Amino acid sequence: MSALLEIRDLRVTYGFGPSAVPAVRGLDLTLESGSKLGIAGESGCGKSTLALALLRLLPPTATLSGQILLDGEDVLAMKWGRLRAVRWAGASIVFQGAMHSLNAVHRVGDQIAEPVLLHGHATPAAARRRAAGLLEQVGLSAARVDAYPHELSGGQRQRVMIAMALACGPRLIVADEPTTALDVMIQAQILRLIEQLVADQDISLLMISHDLAVLADTCDRLAVMYAGRVVEEGPARAVYDAALHPYGRALSAAFPRIGDPASRRAPRGLPGDPPDPSALPSGCTFHPRCPVALDLCAEQDQALRDAAPGRRAACVRIDAPVPAEPLS
Amino acid sequence: MTLEKTPPTPPTPPTPPTASAAAAAPSAAPPPQSAAALARARRRASAVRFWRRYRTHRGGLFGLAGLSLIALMALFAPLLVGSDVQSVTAAPGTALEAPSARFPLGTDQFGRSLLSLLVWGSRVSLTVGLLAAGLSVAIGTLVGIVAGHYGGWFATVIMRVTDWFLVMPTLVLAIVLATVMSRSIWTVILAIGVTSWPTTARLVRAQTIAVESRPYIERARALGGGHRHVMTRHVLPNVMPLVLAQTTLGISAAILTEATLAFLGLGDPIIVSWGGMLQDAREAGAVSSGHWWYLAPPGIAIAFVALAFTLCGRAVESVLNPKLGVSR
């Protein structure tokens, strides 16, 4: 197994000069070929910025530094023509809100065929057949190629988006909150579909969500982001069941577990709001909300460190693990 | 008024849900069909769908009937009245005759039949109206989409130029252009075309900016689409309803401007047009001598054509974009 995606010290800043807002502050992540990585975090922690940065889709006001190696090639250093070729053919995105990511004035078949025509050298008829085939792969009838987006339900539209993501046979699919605005039944269907397609076609998946339970269920590995950084990373189940970082623990404690009456009677949230990226707290950015913070935390920034085999976390208490009864 | 109602909401696709059966019909055909045949079948289906919706608008039907009448009249004018109606030397009657059985609308100061001249004049009005409005809308759409898409200093410069054209009194500019250039119908078309585009440019730019902020534009960029792809495949179809409405309204305005220029004596003096007839009537003293049959018909004809185009335009607009809420 080799690394398909390697992000090294990625920094994204919106705006310039004194009003610059750092959205991603030095992020390191590795995604093995064929594996599934989940990225969790609150709103505003830089998850979606990360997704857009992967294909350099950020607005011109954003400044990027660091390296994003996709198959060994640095996306940030690519020329415009090469970048356009890599977009979708190398890595594709399932956007959040399929309602709006489809153009209302084109038939869905044409929209699925769009990347095929842009990249491949397929004839329009072949692209159309491919679109019909893709629709069948995602569980829709091939006759739906002639439908307009408004004739489809939310779940069907998200399926169309997934079909579109598969259109050019990418090696990586970035799913940016693919199940927002869908009800739980459809959510489950869509997640199963993504899982199955990714497994069948040996595609790597980078899934972004605020729903830790969904990620733990779908992905192999899980990274928890806070204020533009990864604060914890490890095997999905392990991170979900026994997070090492207090933020990761708070996040997983916010979801009641089925079959655990204690969690149902005492649902726990995390007090406070995520920090304003333009005025981050000193030291460890999580310390104002941390239930187990030390005095040291206000002064000393915590880097991501190896905590256990295959696990990393950015907490001062990692060397002396916190007691298992924390948080309440 | 219609244009002010244009909301910044996504234009609704041209298919009503009920027509999906009609849309699905050609798609049910087996896949190994040639692309050209498919495209033809789909174009036919969408034309049928368009007509089905159009005929529910009574005003639009009136407008269409009026337009067809005038178009047929203009097309077959040489057969109806003969192609020598404009000849001053071979005039059939005497000067300024009152209406009679032979000359239902009397004659002009050269003894030519006014009814025949009226029929002949429709050719000029329609030609100038269509071509000038087409030119004006083409320039305006191009400028608007380019300015809205690129933004930045480039758009600022373009829009300042547009503003400059916008504050120039259109009629004065057209008069100047028609004066300095050689006297021909093409000069009039050009003069109207290059003076009336700024409104379209502003409208299209505003709509372009609204469309560009939608997620499917981001998706199109993620697909690897370049500037031209985004502008022609995604922005253009979405501003098309606006452009179409602007065109039909522009035709009315262009016909009126042509009549104005001809009335002011700036048209081609050899060609008979409705505006030119009004000018001739004024010069011949039809106003003071009460020759209403000379004065009224060209004026009524101008108003009739402008009304017919406006009615059609509004019906087309409401078929293509039901969200505008244009009443029937």
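Every number here is computed from the coordinates shown, using simple stated rules; none is lab data. From a predicted model like this one, the values you see are computed outputs, not experimental measurements. Here the Cβ positions follow ideal geometry from the backbone for every residue, glycine too, while neighbour counts run over all protein chains shown.
Hey, what angle do you get for helix B:35-54 against the long axis of chain B, alpha-carbon based, 0 to 90 degrees rounded to 10?
It works out to around 60 degrees.
As I understand it, the value is the acute angle between the Cα axis of helix A:184-201 and the longest principal axis of the Cα atoms of chain A; what does it come to in degrees, rounded to 10?
Result, in degrees: 70.
On each of the three principal axes of the Cα atoms of chain B, give max minus min coordinate, whole Å, ordered largest first.
Cα spread of chain B along its principal axes, largest to smallest: 73, 49, 36 Å.
Spin-label point model (7 Å from Cα, Cβ direction): what's the A:Ser278 to B:Trp153 distance in nm?
That separation, rounded to one decimal, is 2.6 nm.
Measuring from centroid to centroid over Cα atoms, what is the spacing of the range A:130-150 and the range B:105-170 in Å?
The range A:130-150 and the range B:105-170 have Cα centres separated by 44 Å.
Which parts of the range B:196-226 would a label at A:Lys79 reach, counting a residue when its backbone N lies under 11 Å from a point 7 Å out along Cα-to-Cβ?
None, by backbone N distance to the label point.
Using modelled amide H (1.01 Å from N, peptide plane; none on Pro or chain starts), what sits under 5 Å from the amide H of B:Gly267, excluding residues fewer than 5 places away?
B:Ala262
Only Cα pairs within less than 10 Å get springs; with that Gaussian network setup on chain A, which residue of A:Asp146, A:Asp260, A:Asp306 has the largest fluctuation?
Between A:Asp146, A:Asp260, A:Asp306, it is A:Asp260 that shows the largest mean-square fluctuation.
Give the residue from B:Gly225, B:Ala155, B:Trp51 lying farthest towards the positive end of the charge dipole for chain B; charges sit on Cβ (+1 for Lys and Arg, -1 for Asp and Glu) and the dipole is referred to the Cα centre.
About the Cα centre, the residue reaching furthest to the positive side is B:Gly225.
Within 10 Å of each residue's Cβ, count the other Cβ atoms and sort B:His57, A:His210, A:His245 from fewest upward.
The order, fewest Cβ neighbours first, is A:His210, B:His57, A:His245.
For chain A, what is the convex hull (Cα atoms) projected area averaged across all directions, in square nanometres?
17.9 nm²
Quick check for me: using +1 on Lys/Arg Cβ and -1 on Asp/Glu Cβ, what's the dipole size of the protein assembly as shown about its Cα centre, in debye to the nearest 20?
Computed about the Cα centre, the dipole is about 1520 debye.
What dipole magnitude, in Debye to the nearest 20, does chain A give about its Cα centre under +1 on Lys/Arg Cβ and -1 on Asp/Glu Cβ?
For this selection, approximately 540 debye.
Of the beta bridges DSSP finds with both residues in the protein assembly as shown, what % are antiparallel, to the nearest 5?
60 percent
Work from the charge dipole of the protein assembly as shown (Cβ charges, +1 for Lys and Arg, -1 for Asp and Glu, about the Cα centre) and give the residue of A:Ala238, B:Ala315, B:Ser83 farthest towards its positive end.
B:Ser83
When a footprinting reagent is the concern and you count Cβ atoms within 10 Å, what order do A:Ile318, A:Ile68 take, fewest first?
A:Ile318, A:Ile68
Lys/Arg Cβ at +1, Asp/Glu Cβ at -1, dipole of the range A:124-238 taken about the Cα centre: which of A:Pro170, A:Leu197, A:Cys219 is farthest positive-ward?
After comparing all options, I get A:Pro170.
Calculate the tail of P(r) for the protein assembly as shown: the fraction of all Cα-Cα distances greater than 35 Å, expressed in %.
For the protein assembly as shown, the share of Cα pairs beyond 35 Å comes to 56 percent.
Just to confirm my numbers, what's the Cα centroid distance between the range B:192-219 and the range A:92-111 in Å?
Value for the Cα centre distance between the two parts: 21 Å.
Only four residue types carry charge here, +1 at the Cβ of Lys and Arg and -1 at the Cβ of Asp and Glu. Report the dipole size of the range B:58-324 about the Cα centre in Debye, rounded to the nearest 20.
960 debye
With the crude spin-label approximation of a point 7 Å out along Cα→Cβ, what separation in nm comes out for A:Gln189 versus A:Thr61?
In this crude label model, A:Gln189 to A:Thr61 measures out at 3.9 nm.
How far is helix A:124-137 tilted off the main Cα axis of chain A, in degrees rounded to 10, range 0 to 90?
Rounded to the nearest ten degrees, it is 50.
Suppose each label sits 7 Å from its Cα in the direction of the beta carbon; what would the B:Ala65-B:Arg102 distance come out to in nanometres?
3.5 nm
Suppose only helical runs count, i.e. DSSP H with n ≥ 4. What mean residue ellipticity at 222 nm does that imply for the protein assembly as shown under -39500 (n - 2.57) per run, divided by all residues and rounded to the nearest 500 deg cm²/dmol?
So the calculated ellipticity at 222 nm is -15500 deg cm²/dmol.
Suppose we look only past 23 Å in the calculated P(r) of the range A:68-217. What percent of the Cα-Cα pairs does that tail hold?
Numbers: 3838 of 11175 pairs.
Counting pairs separated by more than 23 Å, the tail of P(r) holds 34 percent.
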